[in-house]
Each structure stands twice: as C-alpha cells, then as structure tokens.
Amino acid sequence: MRYLPLTDSDRAAMLDKIGANSIDDLFVDVPAVARLDGPIRDLPMHASEMAVERHMRTRANANLAAGDAPFFLGAGAYRHHVPASVDAVIQRGEFLTAYTPYQPEIAQGTLQMLFEFQTQVARLYGCAVANASLYDGSTACWEAVAMAGRVTRRSRAVLSGALHPHYAQVVKTMAQFTGGTIADAMPAIQAEPDNAGLIERIDDETSCVVVQYPDILGRIPDLAELAEAAHAKGALLIAVNTEPVALGAIKSPGELGADIVVGEGQAIGVGLQFGGPYLGLFAVRNPKHVRQMPGRLCGETVDAEGKRGFVLTLSTREQHIRREKATSNICTNSGLCALAFSVHMTLLGEKGMRELAAENHRLACYAADRLAQVPGVTLLNTAFFNEFTLRLDGKSARDVVEGLAETGMLAGVPLDRLYPDVEALSDGLLVAVTETTTEADIEALAGALEGALS
Amino acid sequence: MSAPNKSGWKPEMQPASDGLHTGPATVTGNRALMLEEPLLFEIGHAETTGVDLPEIDAAAAAAATSRFGGFARTEPIGLVGLTEPDTVRHYTRLSRQNYGIDLGLFPLGSCTMKHNPRLNEKVARFPGFADVHPLAPSQTVQGALQVIYELGDWLKTLTGMPGIAMSPKAGAHGELCGILAIRAAHEARGDARQTVLVPESAHGTNPATAAFAGYGVEDIPATPEGRVDLAALKARLGPDVAAVMITNPNTCGLFENEFREIADAVHAIGGYVYCDGANFNAIVGRVRPGDLGVDAMHINLHKTFSTPHGGGGPGSGPVVFSEALQDFAPLPVVRKLHDGGYELVEEEQREHRGLSFGRMTAFHGQMGMFTRALTYMLSHGADGLKQVAEDAVLNANYVLRSLEDLLHAPFAESGPCMHEALFGDKDFGNDLSTLDLAKALIDEGYHPMTVYFPLVVHGAMLVEPTETESKASLDQFIAAFRSVAERALAGDETMKQAPYYAPRRRLDETQAARKPKLAWQSPEQ
C-alpha cells in the first residue's frame with residue numbers, strides 16, 4: 001500500500017513494545033456486536049494509482065467542461081480566467097498541507113496571507129474589517145442575518161425578492177430553528193429592482209434588510225436608498241454580492257451605506273468546481289461591530305523580539321473558547337480558497353481589477369444587444385454588470401437550455417431551475433458573459449436561440 | 001543512544017555559542033534561507049498588474065456604453081498589484097514560514113494531519129470536475145453526479161448507515177445538519193424537546209452547534225477512566241432530552257466501549273444519538289458506527305479521507321443517517337435512475353417524502369473534496385482502509401507506550417488508546433507549562449500536538465501521529481518529545497522563551513486582541 005510506510009517487521013516490533021500480541025488486542029474495547037471478521041464487504045480492494053486515475057477520468061469525461069463549449073452560466077458561480085501561477089502557489093505543500101494556524105510562530109505564511117486577504121476584501125467591499133473567510137456566500141449570508149439579530153436584538157429579517165433563491169432557502173432553513181422570522185418574496189420580473197416594495201416591508205421589528213447587488217436577475221439596486229430606509233427603522237442593511245468582479249466597475253456596498261457586506265468569492269481564483277469548495281466573504285463597515293462577527297480573524301502584533309507578526313485574534317467569540325455561547329459554531333474556514341482569491345487579486349491589482357471589470361461589462365453589453373436582436377428575445381434589464389435576464393416570449397427557457405445542451409451549447413441558467421414551476425418566470429433566461437466569452441460564442445448563442453425560438 | 005537524526009548531524013555538533021547568534025547581524029534582516037517578507041501592500045503598486053487581458057473584439061468595444069444605472073465606481077478600490085514573478089516570489093517566501101505535513105510529522109490530535117496523496121490533487125483538477133458549473137443541465141454533468149452518488153455509497157457502506165446528506169461544507173456544518181434533522185424528526189411528531197447532552201471532553205463545536213439549533217446544553221460527566229459515565233447519563237435521561245452528542249473514539253483517544261448501551265438508553269426515552277465522526281479515521285474499515293446504534297454522524301473528509309486542510313479549510317462534512325432520520329436530511333440529493341443515469345433532486349416535495357428540513361448551502365456541496373476523497377477510497381479499497389485504521393492506532397499506542405514512563409498519561413490504564421495519545425502536564429518544574437513544551441518542540445522541528453484540549457485533563461497534550469508516519473519518523477519524534485519532556489520536568493527555564501529558531505519568537509496575543517489591527521493601513525493614514 002503506497003501510502004502506508006510501516007513494514008510488517010515494524011508492526012511486529014511496535015506491538016512488542018506496546019505489549020500486545022496482535023492488532024486485534026488494540027481494538028479490544030470495540031463491543032462484540034460491532035466487530036467485523038474482515039474488510040467491509042461490498043467495496044473494492046485497493047488499486048494502483050494508474051487504475052484509480054483511469055476510473056476517475058472516465059467520470060470526468062462524462063461531463064461537459066465549460067471550457068469545451070460556448071458557455072453562459074452564472075447565477076452565483078462565474079467562470080473567469082485563473083492565471084496559472086495561482087494554482088502553482090496553492091499547491092505549495094507548506095500552504096496546501098498546513099492546518100489552521102494554531103501555532104503562529106510556524107504559521108506566519110498563512111497568517112500574513114490572511115491579513116492581506118482581509119485587507120483586500122475590506123477594500124473591495126468598502127468596509128473597515130473583513131474576516132478570514134467562511135464556507136461560501138450562502139452560509140455567509142445566513143451568518144450576517146444572525147449577526148444582525150445580535151446587534152439589533154431583533155429577529156425579523158426582510159429578504160429582497162431578488163436575493164439568490166438558494167441563499168434565501170439557507171436563511172429560511174436556519175431561521176426555522178433559531179426562532180427568527182424571515183420575510184421573503186418572489187422576484188418581480190421587471191426592468192428595475194423593486195426597492196419601493198422592499199422598503200414597505202421594513203418595520204420597527206426588522207433586524208436587517210438583505211439585498212443582492214447586482215441581484216439575481218443581474219439588475220443593480222440602489223443600495224443608498226435602502227440603507228437610508230433601513231437605518232430610519234433601526235435595521236441594518238446587509239448587501240450580498242455573488243460576483244466580486246463587478247465591484248471593480250460599480251460602487252462598493254460599503255460606500256453606499258451597507259452595514260454588513262457578504263458574498264461569494266469563487267469568481268476570483270477559485271474556479272467553478274461544480275459548486276464547491278467556494279469562498280464566503282464577510283465584512284463590516286463599522287469597526288465597532290467586529291466583536292459580533294462570526295469566523296476567524298487575523299490580526300497584527302509583535303513577537304518577543306519586537307518583530308511584526310500575525311495571530312488569530314478575538315477568539316473569545318469562537319466555539320473552541322466560548323462553546324455554547326459562541327457567535328457561531330463555525331470552526332473550519334475556506335483557507336486554501338482564500339489563498340487562491342488573494343493570489344489572483346494580487347496579480348490583478350487595482351489596474352487589472354478595473355480593466356477586467358470593464359472588459360466583462362463591454363462584452364456583456366455587446367452580448368445583450370446582439371441577443372436582443374434575436375426574434376422572440378427581449379432584454380429585461382436596463383442596468384447590469386456581466387449578467388442579464390432575457391425573456392423568451394413565453395417559451396420555456398428550461399426546454400431551450402436543455403435542447404441546446406444536446407448540441408454542446410451551455411446557454412445560461414433558466415429561471416425555472418432556480419424557481420421551479422413558477423409560471424411567470426419560466427421564460428426567463430439568465431445569461432452571464434465574462435472575459436472568457438468570445439465574440440464567436442455570442443454569435444453561436446444568438447444563432448442557436450434563433451433556431452430554438454423559430 | 002544513537003543520534004536521533006540520520007542526516008549526518010551528531011549531538012556533539014551543538015554550536016559553541018548560546019545557539020542563537022552565531023554570526024553577525026545582516027542588513028536585510030534575512031538569515032540565508034530564512035527570508036523576511038514585507039506585506040503585499042508595502043511592495044505592490046496600484047498601476048502594476050500581473051494579468052494581461054486579451055484584446056477585446058472590435059464589435060464589443062464599439063458597444064462600450066456603460067449601463068451601471070448610475071452606480072459606476074468613481075473611487076479607487078485601494079488594491080495593489082504585483083507582476084507574476086513578484087507574486088510567485090511573495091507567496092513562495094511566505095510559504096516558507098509555514099509548517100505543513102509535507103515538511104514533517106504534524107501530530108495535532110483530533111485534527112488528523114495525514115499525508116495528502118498527490119493523485120487526489122491531479123484528479124480534482126481534471127477539467128471535467130474543476131471546470132463544471134453547478135447549474136449546468138443534468139445531461140452534461142452525469143459524471144459529476146455519479147461521483148457524488150458513489151462517494152455517498154462508500155460512506156454509507158463504511159458506516160453501515162442507510163441515509164446521507166452530502167452538502168454540508170465542513171465538520172461543524174455537518175454537526176448542525178445532524179442536529180437539525182434530529183430536531184425536525186421530533187417536531188414532525190409533535191414532540192418538542194429542549195436539551196442536548198454533551199460530554200465535557202467534546203469538541204467546542206458540539207455545544208455551539210446544539211445551542212445554535214435552539215437547545216439547552218448540559219454536560220455529561222466522565223468516568224475516571226476517561227469515558228462517558230453510563231450510570232450518570234442514564235440518570236439524566238428523560239423526555240426533555242432530544243439527543244446526546246458523543247465523539248467516538250472520544251477526544252481522550254478511547255473507544256466508548258459502552259456505546260451500544262448508551263444508544264439503547266437514549267433510544268428508550270425517544271432521543272437520538274449523534275456521533276461526532278471527527279475521529280472516524282481510527283476505526284474506518286474496521287467498525288461500522290451503524291452497528292453501534294448511531295442515528296447521525298458527520299464525516300470530516302479532510303480528516304479521514306485525506307483532503308487537504310490548506311491552512312484552515314476548506315473542509316467537507318457529509319452526514320450519514322439511520323433509517324429513523326434519513327427522510328429529514330437536507331436537499332439536494334443525487335438519485336440513481338432506472339436507466340443508469342443520475343438526477344439531482346432539489347425540490348422538497350420530490351424527495352424524502354416531503355420531510356426534508358431544507359437547504360444548508362447554495363449548490364450541492366464540496367465537489368472538489370468529493371473527487372479527492374473518492375480517489376483516496378479507491379486507492380485504499382476496503383482492505384487498505386482497514387489497514388489505515390490499524391496503523392493509525394498502532395502508531396498512537398507506540399507513542400503512548402514510549403512516553404508514559406516519563407509523562408503523566410491519565411488514561412494509560414483505561415485500555416489501548418485508539419488514534420491519539422493523551423498526556424498531562426503533571427510534575428513540570430518551575431511553573432513550566434504545556435505551552436512551553438509545545439514551543440520547545442517547535443525548535444526540534446515539529447508542529448506541536450493539540451494543547452489544552454480536551455478540557456478534562458490539566459495541561460492536555462493530545463498526540464495523533466496518523467498512519468502515514470514510518471517507525472523511523474516516530475522514533476525520531478519520540479526522542480525529541482522525551483528530550484523536551486525531560487527538560488520540562490527538570491524545570492528548564494530556557495523553555496519559557498522558546499521557540500528560538502522559528503521565523504518568529506512568541507507572539508503577543510494580548511496586544512493583538514486589545515488593540516485589534518485587522519487590516520493594513522498605510523502609515524500616512
């Protein structure tokens with residue numbers, strides 16, 4: 001067995017040292033009812049590296065990779081080019097095979113990286129402090145709702161209808177058990193986000209208003225107006241961002257008055273990976289809220305010789321110290337994905353981030369106009385970043401997408417996939433365009449839609 | 001005794017000086033391969049980038065009127081960039097200030113730092129896994145769905161449990177999943193309960209999870225042997241108890257030999273048994289928790305099944321369920337169809353008889369961890385996984401029996417340990433602490449064991465060598481551990497300033513917490 005260094009003579013010598021006759025003597029505390037007489041049945045025996053690779057390759061080859069097709073999917077997971085050096089860095093064993101930095105003297109690499117990551121995220125979000133990451137955007141969203149409850153001592157969260165439905169479902173699932181009430185809604189399929197409708201639902205019991213920016217239909221809501229309305233009722237504004245590249249082109253949520261900004265960081269450095277592992281980003285605008293934040297925080301300090309160094313800090317919020325009184329039960333974060341994000345952000349820098357965002361938007365504008373020329377297709381959005389909603393004139397977008405998949409085209413996310421069986425949304429198609437999209441891809445989609453709708 | 005290092009180094013080669021400053025100061029602060037690295041924000045520039053974007057298509061450029069609805073960014077973000085060579089150098093230098101399992105034994109008890117096979121990394125990067133969108137049409141992701149299904153099948157078979165939830169993102173998320181299913185099951189029969197019982201030796205996540213799910217949390221006492229006190233537990237059980245959460249093998253490194261009796265007693269009062277599967281690596285392939293009466297258990301794929309920890313994640317925490325709980329599991333689930341294909345079911349009314357408690361995360365779980373874990377399982381097979389458990393337990397017992405004459409081993413007489421050996425700081429001289437011993441171990445080239453956990457042992461030191469260490473590696477570690485233990489017992493005051501040779505000396509955690517500096521600010525600000 002190539003991963004197990006002990007030899008049989010080692011094992012014999014060690015059993016001798018221990019004073020045991022056989023390995024079974026070491027499992028003597030296992031009750032008889034649970035003892036097995038050999039390897040577990042119904043599973044294969046060990047296999048060579050070559051055989052395993054071959055097996056897994058057949059599974060991989062049964063999927064259509066985004067890079068092998070004209071590709072337009074988004075809805076919370078975006079395909080961007082990840083520079084080769086990102087993967088080279090995260091595969092360094094000292095990063096890949098380190099644990100949580102519990103011993104800071106020999107974990108300065110991870111800790112300094114996290115400090116830089118927190119700074120990058122805080123700046124991108126227009127906030128004072130970001131944490132060292134959470135599992136993903138959807139769980140970060142729930143953690144923000146829970147935190148708003150702690151800060152305001154209220155328990156009614158108002159969700160925008162245009163919040164990603166998976167995020168809304170996570171929040172509602174958790175709230176069933178924590179006693180909070182969640183006011184949610186369906187998205188209004190119209191050109192502009194329904195801010196007025198959202199503001200109407202804020203009352204004196206509201207802990208927070210949760211709004212996605214850009215929203216699930218790709219529209220860009222006026223966060224400043226929502227912040228003002230939320231603050232007037234003593235509630236916090238939580239802004240949720242699922243496409244961080246957008247913030248290279250549009251104002252940051254913090255700048256517009258959001259109190260807690262959370263999001264999915266996957267688009268930068270991490271890749272699609274069929275949905276995980278992803279990267280939960282979490283930041284607060286007001287530094288006074290830091291002690292109510294969930295998750296790990298890395299802070300600067302000095303060592304015994306006065307040299308600058310970094311440690312995990314404010315851990316009195318966390319489960320390993322506070323146990324049942326912790327701000328969250330979270331232990332693991334998404335460290336390696338945070339590293340990938342941070343390396344990619346370092347490669348981009350201010351200049352690269354702004355240019356990347358501008359290029360995404362230019363291509364998206366071009367695609368929106370081109371696709372809107374297809375008979376039977378209308379563009380819903382007036383404003384968007386790199387993703388917009390098309391309406392297919394009453395035709396089922398799911399049928400169209402599934403039909404085009406048969407021809408090797410990944411045409412976008414039908415709203416029916418996110419909101420099954422909602423008649424009013426069934427002809428909606430979400431189309432995302434990034435720097436990886438070519439003019440030829442857009443032309444191919446236009447042609448394919450024309451064929452499918454005629 | 002022979003030198004504990006076969007590199008050519010011999011004990012008489014100790015430096016003649018105090019061992020700290022054997023040469024002149026350097027102007028850079030560097031010491032040969034020990035390189036100081038500034039913060040990114042001190043070396044990067046706003047106008048520097050390491051990414052060249054492709055030339056934009058002419059037609060697209062022509063359409064360049066921005067449609068941001070009045071929200072175009074007008075202020076700088078405040079980022080800095082580096083070119084590729086400087087980026088690679090920055091992070092390579094940082095990496096060298098980290099300890100990882102690739103560098104040496106990493107005996108962090110209960111965290112399970114075993115070797116991460118590189119085939120797993122290669123497989124996870126196949127474009128058919130890495131470059132696939134979670135919402136792609138089902139007919140284009142059949143292989144990905146099959147991997148989720150097959151991994152679920154392996155986990156169910158290895159645990160002897162019929163139900164599974166694959167979506168939880170990490171161990172603590174899996175715990176929450178299990179406890180929420182328990183709560184949903186009680187509520188479904190109109191039997192609201194208030195209390196979850198947790199042993200004192202439990203991971204901090206257990207009480208935090210139970211409290212998060214709305215339960216009151218009470219401690220279960222332990223016997224002097226380091227196991228759950230069955231009589232005390234039985235005395236506490238009643239109609240208000242929803243569940244007990246028990247780690248098995250427990251965090252004292254012992255198998256709960258009365259687990260079946262515990263489970264029977266809990267079931268008798270209508271409660272459920274949650275097993276924290278963090279230590280499943282000690283019994284994988286040898287014991288099926290389903291045979292012990294477990295109702296729900298999370299499995300840390302990043303522990304037992306070798307997916308990388310990456311400086312604190314990502315994790316992955318699938319949960320297996322008994323028949324009584326399986327319908328309450330969260331969605332989505334992958335279902336095998338009669339035609340041999342696979343389907344992702346995301347809608348409640350179509351699965352679990354409509355009883356599912358909901359959704360725990362966007363999309364379907366940690367696919368990148370699933371591919372790695374399944375690769376690991378296929379490599380080992382049923383026979384290899386059994387050997388994994390046996391070697392992990394053998395290594396831990398070897399460490400226990402090689403140190404117990406020197407260090408206080410509170411449960412050494414409680415039977416063999418499983419995958420980890422537990423020691424206490426009894427009889428350390430001159431007020432030396434477990435922390436001092438840990439820092440001295442850093443100077444010997446090791447990552448310390450888990451310290452001050454579990455809470456039931458004073459100055460606890462929890463050592464988990466794992467099965468991927470050779471006997472030679474263990475022998476060197478034992479020699480180093482004995483040396484620092486002897487110094488601690490003798491009251492060697494120099495240990496209070498250890499580590500001496502790490503990239504940093506002891507860091508001031510009090511200052512970090514009192515005046516938190518959590519983001520870089522330019523000195524001008």
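Values in this text are rule-based calculations from the coordinates and carry no lab data. Owing to the predicted nature of the structure, the values given are computational and were not obtained by experimental measurement. Note: ideal-geometry Cβ built from the backbone for every residue, glycine included; neighbour counts use all protein chains shown.
Things worth noting here:
- Part-to-part distance (alpha-carbon centres) for the stretch B:299-343 and the stretch B:491-518, which is given in Å: 40
- Computed log10 I(q)/I(0) for the stretch A:251-349 at 0.17 Å⁻¹: -1.01, from the Debye equation with unit scatterers placed on every C-alpha and solvent omitted.
- For the stretch A:1-79, the convex hull spanned by the alpha carbon atoms encloses 235 Å³ per residue.
- Cβ-Cβ distance of A:Ala224 and A:Met186, R₀ of 25 Å, FRET efficiency by 1/(1 + (r/R0)^6): the value works out to about 0.50.
- Solvent-free Debye scattering, log10 I(q)/I(0), computed from the Cα coordinates of the stretch B:219-360 at q = 0.12, 0.15, 0.17, 0.22 Å⁻¹: -0.60, -0.89, -1.06, -1.34
- When both bridge partners sit in chain B, DSSP labels roughly 55% of those beta bridges antiparallel.
- Structure note, pairs B:Lys169/B:Lys517; A:Lys172/B:Lys234; B:Lys169/B:Lys471: Cα-Cα distances above 31 angstrom occur for A:Lys172/B:Lys234; B:Lys169/B:Lys471.
- Under 18 Å from the A:Glu305 label point (7 Å along Cα→beta-carbon), backbone N, the stretch B:70-106: B:94, B:96-99
- Length released on extending from B:Glu413 to B:Arg350, taking residue separation times 0.36 nm less the Cα-Cα span: 17.4 nm
- Simple Cβ-charge dipole of the stretch B:64-213, Lys/Arg +1 and Asp/Glu -1, about Cα centre, in debye nearest 20: 180
- Proxy reagent accessibility, fewest Cβ within 10 Å first, across B:Asp276, B:Asp427, B:Asp229, A:Asp399: B:Asp427, A:Asp399, B:Asp229, B:Asp276
- Percent of Cα pairs in the stretch B:17-174 per distance bin of 10 Å, from zero to the largest separation: 7, 15, 23, 25, 18, 10, 2, 0.
- Hydrophobic long helices, here whole DSSP H runs in chain A with Kyte-Doolittle means of at least -1.0 and Cα atoms spread over 30 Å or more along the helix axis, are found at A:335-372.
- Averaging Cα coordinates gives a centre for the stretch A:200-263 and one for the stretch A:376-446; these two points are 26 Å apart.
- Over the stretch B:143-294: Rg over Rh, Cα atoms, Kirkwood Rh: 0.96
- Gyration tensor (alpha-carbon) shape descriptor, the stretch A:194-303, a/c threshold 1.5: oblate
- The fewest-to-most ranking of A:Val374, B:Val294 by surrounding Cβ atoms within 10 Å reads A:Val374, B:Val294.
- At least 27 Å along the helix axis (C-alpha) and Kyte average at least 0.0, DSSP helices within chain B: B:367-403, B:471-490
- Ratio of Rg to Rh for chain B: 1.01 [Cα atoms; Kirkwood radius as inverse mean 1/r over pairs].
- Ranking of B:Lys6, B:Lys156, B:Lys122 by count of other Cβ atoms within 10 Å, fewest first: B:Lys6, B:Lys122, B:Lys156
- Each Lys or Arg adds one and each Asp or Glu subtracts one; over the other residues with Cβ under 13 Å from the Cβ of A:His46, this totals 0.
- Whether the stretch B:33-119 is rounded, prolate or oblate, judged on the alpha carbon gyration tensor where a/c under 1.5 counts as rounded: prolate
- Relative to the current alpha-carbon distance between B:Lys10 and B:His45, full extension at 0.36 nm per residue lengthens the span by 7.8 nm.
- Net charge contributed by nearby residues that have their C-beta within less than 13 Å of B:Leu145 (K/R +1, D/E -1): -1
- Value of Rg/Rh across chain A [Cα atoms, Kirkwood radius]: 1.03
- The calculated FRET efficiency for B:Leu337 paired with A:His320, based on their beta-carbon distance and R0 = 45 Å, is about 0.55.
- Here is the list for the stretch B:355-442: GluC sites (Glu not before Pro) lying in DSSP coil, each with at most 14 other C-beta atoms within 10 angstrom of its C-beta, are B:Glu404, B:Glu413.
- Computed from label points 7 Å out along Cα-Cβ, the spacing between B:Thr26 and A:Asp16 is 4.7 nm.
- The stretch B:382-411 versus the stretch B:190-237: alpha-carbon centroid distance in Å: 28
- Listed residue pairs exceeding 29 Å between alpha carbons, taken from A:Lys251/A:Lys288; B:Lys386/B:Lys426; B:Lys10/B:Lys496: B:Lys386/B:Lys426
- Estimated from the Cβ-Cβ distance and a Förster radius of 25 angstrom, the FRET efficiency linking B:Leu455 and B:Ala232 is about 0.90.
- Size descriptors for the stretch A:36-105: radius of gyration and Dmax over Cα atoms are 19.4, 53 Å.
- Bridge orientation summary for chain A: considering DSSP beta bridges with both residues in this region, about 60 percent are antiparallel.
- Charge dipole of chain A about the Cα centre (unit charges at C-beta), most positive-ward option of A:Asn360, A:Met345, A:Leu430: A:Met345
- Cα-centre dipole for chain B with unit charges at Cβ (Lys and Arg positive, Asp and Glu negative), debye to 20: 460
- Rg/Rg_ref, the protein assembly as shown, where Rg_ref = 2.2 N^0.38 Å and atoms are Cα: 0.92
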